[in-house]
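Enquirer: Below you'll find the structure I mean.
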Amino acid sequence: MRSLKGQLTLRGILIGCVGCIIITTSSMYIALKMGALPWPIIFAAIISLFFLKALGRTNLHEVNVTHTIMSSGAMVAGGVAFTIPGIWILGFTDAVSWWQMLIVALSGVVLGLICTIYLRRHFIESSGLEYPIGEATSQTLLAGDAGGKVGGKLFGSMGFAGIYTLLRDQLGAIPALLLQGIQIPGIAFGIYNSPMLLAIGFIVGTASIVAWFIGALVGNFGIVWGGFTLGLWGLDAGREIASSLGMGLMMGCGFAVVVKVLLPAGRNLLSKKAAPSAAKPTTATPSDEKTSVDSPVARLTKRMTAGIAACLVAAVALVLCFALGLGPIPSIIVVLFVWVTTAMSAQSVGQTGIDPMEIFALIVLLIVAAFSSVSQVQLFFVAGVIAVACGLTGDLMNDFKAGHNLGTDPRAQSVAQAIGGALGAVIAVAVISILVQAYGHDAFGLDGTFIATQASIVATMISGIPSIPSFIIGLILGFALYLFKVPSMMIGLGIYLPFYLSFAAFFGLVAKLIYEFFCKRRRSKLAESEVAERRRAQDETGLVVSSGLLGGESIIGVILALVSITLFLSA
């Protein structure tokens, strides 16, 4: 049996849990504030490597397992943030309690973990998918293990962003919106003065940010302002058309992923070529003959594991049925279709690095709505469970890819994901409950403090789409553009979001291009043998500083919310 010694360690669990609390808190704030959630895996890997190296006598397997714990809660937070706030956006202010949100989050964690463990061999070992985030994580760990100091850059940028946020949000010494004096009918023009959004624009790929900004120009200057100026429709009608079109584009992209990518993958899953027994371990870690895939011990272990998994799935179905009041048919639909949606998530992340978890959640939500008569609030519960499960799947598949490249035992990573996922569920619910108490239920939505873009989309789908023709056009366009490898998801996001947020992210891309230009000029003066190493160091610096800016603002934002609650309760 492959030994877990030196991989899943007590100090790694402790460091991972502390990091999980911080990253989950940060991710919840980012997801609600910015309507997007960059993968925190590389950030978590760098932090894990830094602290474990400081403690001494570590290895890349321990680092890999530790960062698996650390990053797990981020996508759980995303699953909650992308769905549950829609309840408040629709005006159901007292319709959901913290314990219901916790049930949703933990149910998603359990289902996502079980599905991912059973899907791992196909998607990681047999399918040959790239998993670009997981690949980048393993390369970052290999490079970091060879040397390089990241702590000062990381915490320096994190401190700067934290102070900047404090000056902006608490002391009012820095304006929150730049260029707000420019008035354009129907457009929330300006630049959101946010280190976090600049970091997102820096980290996310160039093509994605360009598509995002093109969508913003089309939605705001083309549809809203342009249509109003030409007398085609009023400003309110223009906003409805733009928001419906943006939603349709994002939904169309999600359906295209299902048709083009995931249905063929599902057929392969059922074929003999994709049978688990055909996959062979590719890691350098030796296996004991007594636990080979054909041994009686291994077969008994598989049966016991399958039995435990079946019991857990049944338990989740019962909890959904009775604790959340969904009833038997919706609960069965959720636990059946979670296998489909997590496979969709695994395939999407493996090919594109994108996990449109809220789109997959909407698919199941619509199926439940078609076959049952549950309330609108309960439909959000359905969406929340599926979104959390899909988010966790995307995170763990990236972790598995990094582990596969490094030879880390997947059992250690599975245990780590269970620890981080459960802790992340608790922290995510605690953070969103704190934000609700601090800012009120009406703080969520496109006109509120927290735009909660994806939750707004879910809420719109449940309550009724403003412009059905625009949504259908967007659905068709999103589907077609994806087939032609155009990032329709990001175009739809740009059309849907307020312009000042998209403009700020675009400036993050501008900063990245300027940084890369000067880095390239410096490398041109080096010997050819030094270029690759200098490029790696420069890329690492950009990533680390951006991650620090992103983390600093989000953490201070949550701290300010905690302070606001304390002052409110003591008044």
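Enquirer: Looking at Gly248, Gly172, Gly152, can you tell me which residue is part of a loop (DSSP other than H, G, I, E, B) and either open to solvent by 10 Å² or more (accessible area, probe 1.4 Å) or not aliphatic (A, V, I, L, M) (or both)? Spell out the reasoning first.
Expert: Values: Gly248 fails: part of a loop (DSSP other than H, G, I, E, B); Gly152 fails: part of a loop (DSSP other than H, G, I, E, B).
Among Gly248, Gly172, Gly152, only Gly172 is part of a loop (DSSP other than H, G, I, E, B) and either open to solvent by 10 Å² or more (accessible area, probe 1.4 Å) or not aliphatic (A, V, I, L, M) (or both).
Enquirer: What are the pairs, 6+ residues apart or on separate chains, where a residue within segment 527-547 that is under 14 Å from Gly156 (Cβ atoms) has its Cβ under 7 Å from a residue that is not in a helix (DSSP H, G or I)?
Expert: Hits for this filter: Val544/Val150.
Enquirer: Just name the residue that is farthest from Pro356 (Cα to Cα) out of those in segment 30-59 that are touching a helix residue (DSSP H, G or I) at 6+ places or on another chain (Cβ under 9 Å) and of a type in the set (Gly, Ala, Ser).
Expert: Initially, segment 30-59 is screened for residues touching a helix residue (DSSP H, G or I) at 6+ places or on another chain (Cβ under 9 Å), giving 30-55, 58-59.
Next, from what is left, pick out any that are of a type in the set (Gly, Ala, Ser): 31, 35-36, 44-45, 48, 54.
Working: Ala31: 13, Gly35: 12, Ala36: 10, Ala44: 21, Ala45: 23, Ser48: 27, Ala54: 37 Å.
That would be Ala54.
Enquirer: Which condition number does Ile473 fail, the rest of (1) of a type in the set (A, V, I, L, M, F, W, C); (2) touching a residue at least 12 places away in the same chain (Cβ under 8 Å); (3) within 23 Å of Gly246 (Cβ to Cβ); (4) open to solvent by less than 10 Å² (accessible area, probe 1.4 Å) being met?
Expert: Exception for Ile473: condition (4).
Enquirer: State yes or no: is Ser97 out of contact with any Ser or Thr (no Cβ under 7 Å at 6 or more places or on another chain) and free of Cβ contacts under 8 Å to residues at least 40 places away in the same chain? First the steps, then the outcome.
Expert: On the way: out of contact with any Ser or Thr (no Cβ under 7 Å at 6 or more places or on another chain): yes; free of Cβ contacts under 8 Å to residues at least 40 places away in the same chain: yes.
The answer is yes for Ser97.
Enquirer: For segment 175-188, which residues satisfy the criterion of being of a type in the set (Val, Ile, Thr) and surrounded by fewer than 18 Cβ atoms within 10 Å (Cβ to Cβ)? Outline the logic, then answer.
Expert: So in segment 175-188, the residues of a type in the set (Val, Ile, Thr) come out as 182, 184, 187.
Within segment 175-188, Ile182, Ile184 meet the criteria.
Enquirer: Quick one: which of Cys311, Cys321 is modelled with pLDDT of 75 or more, out of contact with any Cys (no Cβ under 9 Å at 6 or more places or on another chain) and either exposed (fewer than 12 other Cβ atoms within 10 Å of the Cβ) or in a loop (DSSP other than H, G, I, E, B) (or both)?
Expert: Details: Cys321 fails: either exposed (fewer than 12 other Cβ atoms within 10 Å of the Cβ) or in a loop (DSSP other than H, G, I, E, B) (or both).
Every option except Cys311 fails the conditions.
Enquirer: Can you give me the number of residues within segment 370-381 that are free of Cβ contacts under 8 Å to residues at least 60 places away in the same chain and open to solvent by less than 50 Å² (accessible area, probe 1.4 Å)?
Expert: First pass over segment 370-381, keeping only residues free of Cβ contacts under 8 Å to residues at least 60 places away in the same chain: 370-375, 378.
Add one more test, that the residue is open to solvent by less than 50 Å² (accessible area, probe 1.4 Å), and what stays is 372, 374, 378.
Looking only at that region, the number is 3.
Enquirer: Considering only segment 29-48, how many residues are at pLDDT below 90 and assigned to a helix (DSSP H, G or I)? Before the answer, list the steps.
Expert: Let us first name the residues in segment 29-48 that are at pLDDT below 90, namely 29-47.
Those still in the list that are assigned to a helix (DSSP H, G or I) too: 29-34, 41-47.
Number satisfying all stated conditions: 13.
One line per residue, one yes/no per condition, for (1) modelled with pLDDT of 95 or more; (2) of a type in the set (A, V, I, L, M):
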residue	(1), (2)
Gly186	no, no
Phe189	no, no
Leu198	no, yes
Ile209	no, yes
Trp212	no, no
Gly222	yes, no
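Enquirer: I'm checking my understanding of the structure. Among residues of segment 32-90 that are open to solvent by 10 Å² or more (accessible area, probe 1.4 Å) and touching a strand residue (DSSP E or B) at 6+ places or on another chain (Cβ under 7 Å), which one is farthest from Arg11 (Cα to Cα)?
Expert: Here the answer is Ile89.
Enquirer: Let me ask something additional. Scan segment 230-239 for residues that are open to solvent by 50 Å² or more (accessible area, probe 1.4 Å) and in contact (Cβ under 8 Å) with a residue 40 or more places away in the chain and jot them down. Before the answer, list the steps.
Expert: First, the residues of segment 230-239 that are open to solvent by 50 Å² or more (accessible area, probe 1.4 Å): 230-233, 236, 239.
If the condition is that a residue be open to solvent by 50 Å² or more (accessible area, probe 1.4 Å) and in contact (Cβ under 8 Å) with a residue 40 or more places away in the chain, then Arg239 is the only one that fits.
Enquirer: Given Leu129, Leu113, Leu102, which one is assigned to a helix (DSSP H, G or I) and either within 18 Å of Ser414 (Cα to Cα) or modelled with pLDDT under 80 (or both)? Show your work before the answer.
Expert: Working: Leu129 fails: assigned to a helix (DSSP H, G or I); Leu102 fails: either within 18 Å of Ser414 (Cα to Cα) or modelled with pLDDT under 80 (or both).
Result: Leu113 is the single residue among Leu129, Leu113, Leu102 that is assigned to a helix (DSSP H, G or I) and either within 18 Å of Ser414 (Cα to Cα) or modelled with pLDDT under 80 (or both).
Enquirer: Given the condition open to solvent by 30 Å² or more (accessible area, probe 1.4 Å) and within 24 Å of Leu336 (Cα to Cα), answer yes or no: does some residue in segment 420-439 qualify?
Expert: Checked segment 420-439: at least one residue is open to solvent by 30 Å² or more (accessible area, probe 1.4 Å) and within 24 Å of Leu336 (Cα to Cα).
Enquirer: Among the residues of segment 186-205, which ones are in a loop (DSSP other than H, G, I, E, B) and either in contact with a Leu (Cβ under 6 Å, 6 or more places away or on another chain) or under 24 Å from Val544 (Cα atoms) (or both)? Lay out the reasoning, then the answer.
Expert: Step one: list which residues in segment 186-205 are in a loop (DSSP other than H, G, I, E, B), which gives 186, 188-190, 193-194, 204-205.
Across segment 186-205, the qualifying residues are Gly186, Gly190, Asn193, Ser194, Val204, Gly205.
Enquirer: Within segment 241-268, can you find the residues that are more than 25 Å from the chain's Cα centre (by Cα) and at pLDDT below 90?
Expert: So the first thing to find is which residues in segment 241-268 are more than 25 Å from the chain's Cα centre (by Cα), and the list is 241, 267-268.
Selection gives Arg267, Asn268.
Enquirer: Condition check: modelled with pLDDT under 95 and among the hydrophobic types (A, V, I, L, M, F, W, C). Does Phe202 satisfy that?
Expert: For Phe202, the condition - modelled with pLDDT under 95 and among the hydrophobic types (A, V, I, L, M, F, W, C) - is met.
Enquirer: Output the number of residues of segment 443-468 satisfying the condition of being more than 23 Å from Ala237 (Cβ to Cβ) and of a type in the set (Asp, Glu).
Expert: Counting residues in segment 443-468 that are more than 23 Å from Ala237 (Cβ to Cβ) and of a type in the set (Asp, Glu) gives 0.
Enquirer: So, one more: Tell me, which residue of segment 487-536 that is polar (S, T, N, Q) and either within 15 Å of Ala207 (Cα to Cα) or assigned to a helix (DSSP H, G or I) (or both) is most open to solvent (accessible area, probe 1.4 Å)? Even if it seems obvious, please write down each step before you answer.
Expert: Here is the first cut: in segment 487-536, the ones polar (S, T, N, Q) are 488, 502, 524, 529.
Keeping just the survivors that are either within 15 Å of Ala207 (Cα to Cα) or assigned to a helix (DSSP H, G or I) (or both) gives 488, 502, 529.
Details: Ser488: 0, Ser502: 2, Ser529: 104 Å².
Out of the qualifying residues, it is Ser529.
The values are calculated or read from the model by the stated rules, or taken from the named source; none is laboratory data. Predicted, not measured: the structure shown is a model, and the values here were computed from it. Neighbour counts are summed over all protein chains in view; Cβ atoms, including those assigned to glycine, are modelled from backbone coordinates with ideal geometry. Just so you know, the surface numbers come from the protein's heavy atoms only, side chains and all, with ligands and any DNA or RNA stripped out. Shrake-Rupley method; radii C 1.70, N 1.55, O 1.52, S 1.80 Å.
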